[in-house]
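Engineer: Quick one: structure below, then a few questions.
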Amino acid sequence: MSLYQLSNIVQTYGGRTVLTIDSLTLESGTITGIIGPNGSGKSTLMRMLAFLEAPKSGTLLFRDAEASITDTSLRREVTLLTQQPYLLKRTVKENVEYGLRVRGMSNITDMAATALEEVGLSPETFLNRNWFELSGGEAQRVALAARLAINPSVLLMDEPTSSLDEESTERIRNAAIRAKAERNTSLVIVSHDREWLTSVSDRTILIRNGKIESAHIS
Ligand SMILES: Nc1ncnc2c1ncn2[C@@H]1O[C@H](COP(=O)(O)OP(=O)(O)OP(=O)(O)O)[C@@H](O)[C@H]1O
């Protein structure tokens, strides 16, 4: 069973067509990279894969079933990390535990610590830090840890490394590969850093002018 199947997808904003995808299949347990120029439709595709917006026309199947943006159960399975992550104005611990708490999980302290370790942040050092005591790269990694902690089936990351230094970029690469291997998470990652994206992805898709230009195995 495929994870996503898109057929004849068209997205328009104000009557202008910004994305046209005749056919695209994404498989479970893989990392898909998406690259393309500014304004080519990458974030639009990511919002659709996150079920945050519906296509104007076409079919979007998630695990062989037609997906609807009103189906809240999908929100539990699919999570989107954006370029400017939103953190609660609280401690790192509260941020990473939040999603676990609302899902009524037990053992949340251990799960939060594990997720922080996965993004290369020491729980001893970071758990009790406040949101304003984090660098941009640390904040991005805390936001990623908060998403990993809830063990999503699908993790979508839109430009997760832009404005991050080499170390944070490498940590995010490692966390993505580890999520695939150890959590069986499927990932879709948008990045302008072709070399980094190729190094993390099983397959890279090039989008240009709202169309898939090529899709190949990295
Ligand atoms: N909410 C919106 N309303 C109107 N137009 C939009 C909206 N969101 C995106 N667009 C337009 O759709 C097109 C695709 O935008 P999108 O953000 O998907 O591109 P992108 O490939 O992610 O670009 P970037 O690399 O700059 O982030 C652009 O022309 C953009 O101006």
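The values are calculated or read from the model by the stated rules, or taken from the named source; none is laboratory data. Values in this document were obtained by computation on a predicted structure and should not be read as measured data. Backbone-built Cβ (ideal geometry, glycine too); neighbour counts: all protein chains shown. To get the accessible areas, we keep the full protein, side chains included, count just its heavy atoms, and leave off ligands, DNA and RNA. Shrake-Rupley method; radii C 1.70, N 1.55, O 1.52, S 1.80 Å.
Engineer: Long-range amide H contacts for LEU164: which residues qualify at under 5 Å (H placed 1.01 Å from N, peptide plane, sequence gap of 5 or more or a different chain)?
Structural biologist: none
Engineer: I'd like the Kirkwood hydrodynamic radius of the range 118-204, using the inverse of the mean 1/r over distinct C-alpha pairs, in Å.
Structural biologist: Numbers: mean 1/r = 0.0751 Å⁻¹.
It works out to 13.3 Å.
Engineer: Could you list, bin by bin from short to long, the percent of Cα-Cα pairs of the range 85-156 in 5 Å steps?
Structural biologist: 3, 20, 34, 27, 13, 4, 0
Engineer: Percent antiparallel among DSSP beta bridges with both residues in the chain, to the nearest 5? Mind showing how you got there, number by number?
Structural biologist: Numbers: 23 of 41 bridges.
Antiparallel bridges make up about 55 percent of those DSSP assigns within the chain.
Engineer: Can you put MET48, MET105, MET1, MET111 in order of accessible area, largest first, using a 1.4 Å probe?
Structural biologist: Details: MET48 0, MET105 80, MET1 155, MET111 55 Å².
Correct descending sequence by accessible area is MET1, MET105, MET111, MET48.
Engineer: Let me ask something else. Give me the distance in nm between label points sitting 7 Å out from Cα along the Cα-to-Cβ direction at SER162 and GLU117, one decimal.
Structural biologist: Each label point is offset 7 Å from its Cα along the Cβ direction, giving 3.4 nm.
Engineer: Something else now. How many percent of the accessible area of the range 105-218 is carbon or sulfur, using a 1.4 Å probe? List each step's numbers first, then the result.
Structural biologist: Numbers: 2330 of 5260 Å².
Accessible surface attributable to carbon and sulfur in the range 105-218 totals 44 percent.
Engineer: May I ask you to give the solvent-accessible area per residue for the chain, in square angstrom, as obtained with a 1.4 angstrom probe? Please report the intermediate quantities before stating the final value.
Structural biologist: Values: 10490 Å² over 218 residues.
Computed with neighbouring chains in place, this is 48 Å² per residue.
Engineer: What does the charge add up to near GLY14, with Lys and Arg as +1, Asp and Glu as -1, over the other residues with Cβ less than 15 Å from its Cβ?
Structural biologist: Details: positive: ARG16, LYS56; negative: GLU53.
Neighbourhood net charge equals +1.
Engineer: Less than 12 Å Cβ to Cβ from TRP131, Lys/Arg counted +1 and Asp/Glu -1: what total charge do the surrounding residues give?
Structural biologist: Working: positive: LYS89, ARG90, LYS93, ARG129; negative: GLU94, GLU133, GLU138.
Residues close to TRP131 contribute a combined charge of +1.
Engineer: If I stretch the segment between GLU53 and SER106 completely, what's the gain in nm (0.36 nm per residue apart, minus their alpha carbon distance), one decimal?
Structural biologist: Working: separation 53, 0.36 × 53 = 19.08 nm, distance 3.20 nm.
Taking GLU53 through SER106 to full extension adds about 15.9 nm, to one decimal.
Engineer: Continuing with the same structure: Please go through the range 1-92 and write out the trypsin sites (Lys or Arg not before Pro) that DSSP classes as loop and that have at most 10 other C-beta atoms within 10 Å. Intermediate values should be presented prior to the final figure.
Structural biologist: Details: sites: ARG16, LYS42, ARG47, LYS56, ARG63, ARG75, ARG76, LYS89, ARG90; in loops: LYS56, ARG63, LYS89, ARG90.
Taking the range 1-92 and a limit of 10 other Cβ atoms within 10 Å, the loop trypsin sites (Lys or Arg not before Pro) found are LYS89.
Engineer: Would you work out what percent of the accessible area of the range 1-77, with all protein chains in place, is carbon or sulfur (probe 1.4 Å)?
Structural biologist: Numbers: 1710 of 3670 Å².
Ligands and nucleic acids excluded, carbon and sulfur reach 47 percent.
Engineer: Let me ask another. Could you compute how fast the range 39-180 diffuses translationally, taking Rh as the Kirkwood radius over C-alpha pairs and applying Stokes-Einstein at 25 °C with viscosity 0.890 mPa s? Give it in µm² per second. Mind showing how you got there, number by number?
Structural biologist: Working: Rh = 15.9 Å.
The Stokes-Einstein estimate is 155 µm²/s.
Engineer: Convex hull over the alpha-carbon atoms of the range 1-115: what's its volume per residue in Å³? Mind dumping the intermediate values first?
Structural biologist: Numbers: hull volume 17.4 nm³, N = 115.
Hull volume normalised by residue count: 151 Å³.
Engineer: Normalising by the residue count of the chain, find the relative contact order in percent from Cα pairs under 8 Å and 6+ residues apart. Provide the component values of the computation, followed by the final result.
Structural biologist: Working: 433 pairs, mean separation 63.1, N = 218.
RCO, the chain: 29 percent.
Engineer: Ok, one more. Among the chymotrypsin sites (Phe, Trp or Tyr not before Pro) in the range 66-151, which ones are in a DSSP loop with at most 12 other Cβ atoms within 10 Å of the Cβ? Mind listing them?
Structural biologist: Of the chymotrypsin sites (Phe, Trp or Tyr not before Pro), the ones in loops of the range 66-151 whose Cβ has at most 12 other Cβ atoms within 10 Å are TYR86.
Engineer: To check my understanding: the extent here is largest minus smallest coordinate of the Cα atoms along each principal axis. What are those three numbers for the range 1-68, in Å, largest first?
Structural biologist: On the principal axes, the range 1-68 reaches 34, 24, 20 Å in Cα extent.
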